[in-house]
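Here the structure is laid out as structure tokens; the discussion comes afterwards.
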Amino acid sequence: MLIRSNLRRVGLLSVSCSRRIAKFGSSAKQGLILQSSSNNVYENLAVEDWIHDHMNLEKTNVLFLWKNLPSVVIGRHQNPWKECNLHLMRKEGICLARRRSGGGTVYHDLGNINLTFFTARNKYDRMENLNLVIRALKSIEPHLNVQATPRFDLLLDGKFKISGTAAKLGRNVAYHHCTLLCSADSSLLPCVLQSPYSGIVSNATPSVPSPVRNLSQVDSSMTCDVVMDAVSLEYSAHYNNKPSVKLIDPKDETSFFGISQKKRELSTWEWIYGKTPKFGVATFFKIAYKESLLDVKLTMDIRNGYIETCSIELPEYWIPQDLSKELQDGLLGSKFCPKETTFLLSTLLRTCSQDEDVCAKWNLLSEKMVSIM
Ligand SMILES: Nc1ncnc2c1ncn2[C@@H]1O[C@H](COP(=O)(O)OC(=O)CCCC[C@@H]2CCSS2)[C@@H](O)[C@H]1O
């Protein structure tokens, strides 16, 4: 009860959620630091959403610190097939997440820190936040050559990116979030962010690739924990607060009423893939069958992640035209997704043909089609 009334007094809680949140404590007057106990990218993005939607940031700013298990996080208006290697990610168990903010694609793992600075919209200032991060880094290593660029990256030695920025501006609330590479897997990072898919025609926001570096490569003492502590200290000092970090659990519905629904939304295929801006695929592939090598042209339009048009150009002698038409029509309205397409194509084949030769060719064609998804 005391905690709740204190929180209301410092203006942290909006009226709508003051009854639902009870566990943040009361120490922060102007700058509250929260750290997630979860490494689940969807849960952590849901915390961002929740704070954005429910907290009253008139008098209190919030810094949210979080880390994720290996994940690729694309911007709100991006095309994942253009930005990353989805096959490799599936193989390695790397999550794909779409965030609410715009901008490019980044790789996260437990060697990468994420910092989200929440303020009232009129107090939103990315350079001020980045300068705070720079001060924190220099408090660990005074000789570190780190600068913020006009596009709000942090560069080491003028060329290696250690931090990328994105932001979301709400009506009253804004947040600026950025990454900080301490000891991420630098060999996996470029591989997962390299798309193997060719022939995608899209107006989606492209990423701006840069050479990256981990802070721990420069100074081995710059681990995630040390860097997070330094940022927390600097943030507290900025607000004249006693340093204190509140550990929060994104699964705690009592404190964050409605958060599991937010997590569910962020984890759906419809949000992650379905929000991709409309795009086209125009690609050629070669299929080797027995002694022959066949050229196939595939064109598709994909809207909201679903196949809207599909044309497969291949010679009639290879697969009967009516069958190839069935194949193209069967794909219309289905998800541009390897699982669904594999299932659909094998079901179609069972109903359309028993011929062994045709089946073998169809399977080769299916494999190629699925390989672009
Ligand atoms: N973790 C990380 N940190 C810094 N730079 C990275 C990282 N991963 C990849 N990159 C490099 O940045 C470019 C993309 O740069 P680009 O400028 O296109 O995009 C960004 O920086 C977006 C930053 C989003 C930050 C959010 C904060 C919380 S959730 S994600 C990529 O091709 C790599 O070269």
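Please find, among ASP125, ASP109, the residue that is near the ligand (Cβ under 10 Å from one of its atoms) and surrounded by fewer than 22 Cβ atoms within 10 Å (Cβ to Cβ). Before you say what the answer is, go through the steps one by one.
Values: ASP125 fails: near the ligand (Cβ under 10 Å from one of its atoms).
Only one candidate qualifies: ASP109.
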Check your understanding: If a residue has to be over 16 Å from PHE117 (Cα atoms) and of a type in the set (Lys, Arg) to count, how many in the stretch 130-148 make the cut?
Key -> 1
Practice item. Considering only residues that are under 35 Å from the mean Cα position of the chain (by Cα) and part of a helix (DSSP H, G or I), look in the stretch 283-328 and name the one that is nearest to SER202 (Cα to Cα). Key: GLN328
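Looking only at the stretch 249-261, decide whether some residue is within 16 Å of the ligand (Cβ to nearest atom) and part of a loop (DSSP other than H, G, I, E, B). So that I can check it myself, show each step before the final result.
Residues of the stretch 249-261 that are within 16 Å of the ligand (Cβ to nearest atom), as a first pass: 250.
From what's left, part of a loop (DSSP other than H, G, I, E, B): 250.
Scanning the stretch 249-261 turns up at least one residue that is within 16 Å of the ligand (Cβ to nearest atom) and part of a loop (DSSP other than H, G, I, E, B).
Would you mind finding the one in PRO250, PRO206 that is modelled with pLDDT of 95 or more and surrounded by fewer than 15 Cβ atoms within 10 Å (Cβ to Cβ)? Show your work before the answer.
On the way: PRO250 fails: surrounded by fewer than 15 Cβ atoms within 10 Å (Cβ to Cβ).
The conditions single out PRO206.
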Exercise for review: Output the number of residues of the stretch 335-365 satisfying the condition of being surrounded by fewer than 16 Cβ atoms within 10 Å (Cβ to Cβ) and either of a type in the set (Phe, Trp, Tyr) or not in a helix (DSSP H, G or I) (or both).
Suggested key: 3
Review point. Which residues, counting only those in the stretch 195-220, are under 19 Å from ASP301 (Cα atoms), of a type in the set (Ser, Thr, Tyr) and either more than 9 Å from the ligand (Cβ to nearest atom) or touching a strand residue (DSSP E or B) at 6+ places or on another chain (Cβ under 8 Å) (or both)?
Key: SER195, TYR197, SER198, SER202
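Can you find a residue in the stretch 176-183 that is of a type outside the set (D, E, K, R) and either at positive phi or free of Cβ contacts under 8 Å to residues at least 24 places away in the same chain (or both)? Walk me through how you get there before you give the answer.
Initial filter on the stretch 176-183 (of a type outside the set (D, E, K, R)): 176-183.
Add one more test, that the residue is either at positive phi or free of Cβ contacts under 8 Å to residues at least 24 places away in the same chain (or both), and what stays is none.
No, the stretch 176-183 contains no residue that is of a type outside the set (D, E, K, R) and either at positive phi or free of Cβ contacts under 8 Å to residues at least 24 places away in the same chain (or both).
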Review point. How about the stretch 153-169: which of its residues are loosely packed, with under 15 Cβ neighbours inside 10 Å and either away from the ligand (no atom under 16 Å from the Cβ) or within 19 Å of the chain's Cα centre (by Cα) (or both)?
Key: LEU169
Study note, to complete from the structure: Of (1) touching a strand residue (DSSP E or B) at 6+ places or on another chain (Cβ under 8 Å); (2) surrounded by fewer than 24 Cβ atoms within 10 Å (Cβ to Cβ); (3) closer than 18 Å to GLY164 by Cα, ILE94 satisfies every one except (3)
Exercise for review: Return the residue satisfying two criteria in turn: it lies in the stretch 130-152 and is buried (at least 18 other Cβ atoms within 10 Å of the Cβ) and within 21 Å of VAL73 (Cα to Cα), and of such residues it is nearest to the ligand (Cβ to nearest atom).
Suggested key: PHE152
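Could you list, in sequence order, the residues of the stretch 170-182 that are assigned to a loop (DSSP other than H, G, I, E, B) and within 12 Å of the ligand (Cβ to nearest atom)?
Just the residues of the stretch 170-182 that are assigned to a loop (DSSP other than H, G, I, E, B), to begin with: 170-172, 182.
The answer is CYS182, and nothing else.
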Check your understanding: Of the numbered conditions (1) farther than 22 Å from VAL173 by Cβ; (2) of a type outside the set (Lys, Arg); (3) near the ligand (Cβ under 9 Å from one of its atoms), ILE94 satisfies every one except a single condition; which is it?
Key -> (3)
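Within the stretch 183-193, is even one residue within 12 Å of the ligand (Cβ to nearest atom), among the charged types (D, E, K, R), part of a loop (DSSP other than H, G, I, E, B) and farther than 28 Å from THR60 by Cα?
Kept after step one, since they are within 12 Å of the ligand (Cβ to nearest atom), are these residues of the stretch 183-193: 183-186, 188-193.
Subsequent filtering for residues that are among the charged types (D, E, K, R) retains 185.
Retained after the next criterion (residues that are part of a loop (DSSP other than H, G, I, E, B)): 185.
From the residues that got through so far, the ones that are farther than 28 Å from THR60 by Cα too are 185.
Scanning the stretch 183-193, I find at least one residue that is within 12 Å of the ligand (Cβ to nearest atom), among the charged types (D, E, K, R), part of a loop (DSSP other than H, G, I, E, B) and farther than 28 Å from THR60 by Cα, so the answer is yes.
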Revision key, fill the gap. Of those in the stretch 112-122 that are farther than 22 Å from GLN217 by Cβ and crowded, with 16+ Cβ neighbours inside 10 Å, the residue farthest from the ligand (Cβ to nearest atom) is ALA120
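The values are calculated or read from the model by the stated rules, or taken from the named source; none is laboratory data. Just so you know, these numbers come straight off a predicted model, no measurement behind them. With ideal geometry, Cβ positions are generated from the backbone for all residues, glycine too; neighbour counts draw on all protein chains shown.
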